[in-house]
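Since the structure comes first, as structure tokens, the remarks are kept for the end.
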Amino acid sequence: MSKLLFITQQIDPRHPALAATVPKIRALAALVDEVVVLADGAVPGVLPDNCRLHTFGARHRALRGARFEAAVARELPGLRGGAVVAHMCPIYAVLAAPLVRPLRIPLVLWFTHWRASNLLKAAERASTAVTSVDYRSFPLPSRKLCAIGHGIDLDEFPCTTPREGAGMRLLALGRYSTAKGLDVAVAAVPLAGEDVQLTIHGPSLSDEERAHRAELEEVVRELELDGRVTIGDSVPRSHIPELFAAHDALVNNMRAGAPDKVVYEAAAACLPVLASNPIFDELLAPEQRFTRWDPGSLAERVQTLVAMTTAERAALGHTLRERVAESHSVQSWARGILDAAGVS
């Protein structure tokens, strides 16, 4: 019997930042006999029948840690021939390692972010294998690293036909983090043409992000872009396909080293994407990539899209979806996790 212990932050298909964890677990559950999910918090009833759910959330760190270790220890007897997966949080790998590694149970860390830390270094040492989207999306050198794609549920993002209507409607999605480079996207709008509009949706999950949203709103006022640039709140994940269908392109200016999953989601939906991160060089053609801190560079790429016919934009969208299906589907991601763990 093959069994996985999957450790993550939240199980919630409506979470503004972590909803995509749910289809990843579903894909893993389709390949093994049982998945035991250990999460800080969870919405019940959203996982397959062969999943069991434990939560370790508590008000105090010491109690969270005690609950975490107790839950891992309870599952150890059934993990022979299986593996433990620590999802995105290095601390989970560090805490689980003393329990699972002496028993030779594989411990796989999934991590994709630009920020390195001493905790991440410890997690890399503690893990049997490390998995990430790309060899450039893990910020430390590691012989344990396996590149397995981003894990996009293509059924969640059906291919849409290009929008009919005048103008160019751009979309940006994600947290109001300075790492997203949203100020460049706003500044590119007046340079790209009078018929170009930009809509931004995302959560503000910290004081820093709330402050940056306010800064962006001030930039919109200073550039007199009211009516052309919308600074919006986060939207339910279920509404994202509708947003893709209502726009002409996604703009992504995330700093290098962290490939935003929304780029792959938009590509899966056949929506053209403009991005600055060099990690997208295998997904996007050169004319879809721009220089990160240069609004003029982004404006030029927007103008190239404006000049394309509807048929040309449709063909571009289909090419993007094919590339996501080939290298970044949730099914290939799940298989990559099991291969990294040595679970057949």
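Those residues that are part of a helix (DSSP H, G or I) and free of Cβ contacts under 8 Å to residues at least 24 places away in the same chain, I need them from the range 201-235; list them, please.
Of all residues in the range 201-235, those part of a helix (DSSP H, G or I) come to 207-222.
Passing the criteria: D207, A211, A214, E217, E218, R221, E222.
Mind listing just one residue for me: the one in the range 80-110 that is in contact (Cβ under 8 Å) with a residue 60 or more places away in the chain and surrounded by fewer than 20 Cβ atoms within 10 Å (Cβ to Cβ) and, of those, farthest from V343 (Cα to Cα)?
C89
Looking at the range 112-121, can you tell me whether even one residue there is basic (K, R), at pLDDT below 95 and out of contact with any His (no Cβ under 9 Å at 6 or more places or on another chain)?
Yes.
Run down A249, A245 and say which single residue is under 21 Å from A266 (Cα atoms), aliphatic (A, V, I, L, M) and open to solvent by less than 10 Å² (accessible area, probe 1.4 Å). Break it down stepwise before answering.
Values: A245 fails: open to solvent by less than 10 Å² (accessible area, probe 1.4 Å).
One residue alone meets the criteria, A249.
Can you pull out the residues in the range 184-194 that are without any contact (Cβ under 8 Å) to a residue 60 or more places away in the chain and surrounded by fewer than 18 Cβ atoms within 10 Å (Cβ to Cβ)?
P190, E194
Take the residues in the range 279-322 that are basic (K, R) and in contact (Cβ under 8 Å) with a residue 60 or more places away in the chain; name whichever of them is farthest from F244 (Cα to Cα). Full working, then the answer.
Of all residues in the range 279-322, those basic (K, R) come to 289, 292, 301, 313, 321.
Filter once more, keeping what is in contact (Cβ under 8 Å) with a residue 60 or more places away in the chain: 292, 313, 321.
On the way: R292: 23, R313: 14, R321: 13 Å.
The selected residue is R292.
Working only within the range 12-38, note down all residues that are closer than 22 Å to L99 by Cβ and within 18 Å of the chain's Cα centre (by Cα). Even if it seems obvious, please write down each step before you answer.
Of the residues in the range 12-38, the ones closer than 22 Å to L99 by Cβ are 25, 28, 32-38.
Residues satisfying the conditions are I25, L28.
Can you say whether K180 is without any contact (Cβ under 8 Å) to a residue 40 or more places away in the chain and in contact with a strand residue (DSSP E or B) (Cβ under 8 Å, 6 or more places away or on another chain), as far as the supplied structure shows? It would help to see each step written out before you state the result.
On the way: without any contact (Cβ under 8 Å) to a residue 40 or more places away in the chain: no; in contact with a strand residue (DSSP E or B) (Cβ under 8 Å, 6 or more places away or on another chain): yes.
So K180 fails the test.
Consider the range 134-150. How many of its residues are assigned to a loop (DSSP other than H, G, I, E, B), open to solvent by 10 Å² or more (accessible area, probe 1.4 Å) and touching a residue at least 60 places away in the same chain (Cβ under 8 Å)?
Residues flagged as assigned to a loop (DSSP other than H, G, I, E, B), open to solvent by 10 Å² or more (accessible area, probe 1.4 Å) and touching a residue at least 60 places away in the same chain (Cβ under 8 Å) within the range 134-150 amount to 5.
Name the single residue, out of those in the range 255-269 being open to solvent by 10 Å² or more (accessible area, probe 1.4 Å) and assigned to a loop (DSSP other than H, G, I, E, B), that is nearest to W293 (Cα to Cα).
Applying the first criterion (open to solvent by 10 Å² or more (accessible area, probe 1.4 Å)) to the range 255-269 yields 255-257, 260-262.
Within this subset, residues satisfying the condition of being assigned to a loop (DSSP other than H, G, I, E, B) are 255-257, 260.
On the way: R255: 10, A256: 12, G257: 16, D260: 17 Å.
Step by step, filter the range 255-269, then rank; the result is R255.
Find the residue count for the range 151-183, including only residues that are farther than 17 Å from R255 by Cα, open to solvent by less than 20 Å² (accessible area, probe 1.4 Å) and assigned to a loop (DSSP other than H, G, I, E, B).
Step one: list which residues in the range 151-183 are farther than 17 Å from R255 by Cα, which gives 151-171.
Adding the requirement that they be open to solvent by less than 20 Å² (accessible area, probe 1.4 Å) leaves 151-152, 157, 168, 170-171.
Next, from what is left, pick out any that are assigned to a loop (DSSP other than H, G, I, E, B): 151, 157.
Qualifying residue count, the range 151-183: 2.
Taking the stated definitions as given, is P203 of a type outside the set (A, V, I, L, M) and under 28 Å from V133 (Cα atoms)? So that I can check it myself, show each step before the final result.
Numbers: of a type outside the set (A, V, I, L, M): yes; under 28 Å from V133 (Cα atoms): yes.
When the stated conditions are applied, P203 passes them.
When only residues in the range 288-317 that are under 14 Å from V251 (Cα atoms) and among the hydroxyl-bearing types (S, T, Y) count, which is most open to solvent (accessible area, probe 1.4 Å)?
Once the filter is applied, the top-ranked residue is T291.
Please find, within the range 57-78, the residue that is farthest from V343 (Cα to Cα) out of those that are open to solvent by less than 30 Å² (accessible area, probe 1.4 Å) and touching a strand residue (DSSP E or B) at 6+ places or on another chain (Cβ under 6 Å).
Step one: filter the range 57-78 for residues open to solvent by less than 30 Å² (accessible area, probe 1.4 Å), giving 57-58, 65, 68, 71-72, 75-76.
Next cut, touching a strand residue (DSSP E or B) at 6+ places or on another chain (Cβ under 6 Å) only: 57, 71, 75.
Working: G57: 29, A71: 22, E75: 17 Å.
Filtering the range 57-78 for residues that are open to solvent by less than 30 Å² (accessible area, probe 1.4 Å) and touching a strand residue (DSSP E or B) at 6+ places or on another chain (Cβ under 6 Å), the one farthest from V343 (Cα to Cα) comes out as G57.
Condition first: in contact with a Ser or Thr (Cβ under 7 Å, 6 or more places away or on another chain) and surrounded by 19 or more Cβ atoms within 10 Å (Cβ to Cβ). Can you find one or more residues in the range 116-129 that meet it? It would help to see each step written out before you state the result.
Start the filter on the range 116-129 by keeping residues that are in contact with a Ser or Thr (Cβ under 7 Å, 6 or more places away or on another chain), which leaves 124.
The next check asks that each one be surrounded by 19 or more Cβ atoms within 10 Å (Cβ to Cβ); those that pass are 124.
Among the residues of the range 116-129, at least one is in contact with a Ser or Thr (Cβ under 7 Å, 6 or more places away or on another chain) and surrounded by 19 or more Cβ atoms within 10 Å (Cβ to Cβ), which makes the answer yes.
Just to check your reading of the model, which residue among L63, L76, L18, L31 is outside any strand (DSSP E or B) and touching a Lys or Arg at 6+ places or on another chain (Cβ under 8 Å)? First the steps, then the outcome.
Numbers: L63 fails: touching a Lys or Arg at 6+ places or on another chain (Cβ under 8 Å); L76 fails: touching a Lys or Arg at 6+ places or on another chain (Cβ under 8 Å); L18 fails: touching a Lys or Arg at 6+ places or on another chain (Cβ under 8 Å).
Answer to the selection: L31.
The values are calculated or read from the model by the stated rules, or taken from the named source; none is laboratory data. For clarity, every value in this text was computed on a predicted model and none was experimentally measured. Glycine also receives a Cβ, built like all others from the backbone with ideal geometry; neighbour counts cover every protein chain displayed. Note: accessible area is taken over every heavy atom of the protein model, side chains too, but ligands, DNA and RNA are not part of it. Shrake-Rupley method; radii C 1.70, N 1.55, O 1.52, S 1.80 Å.
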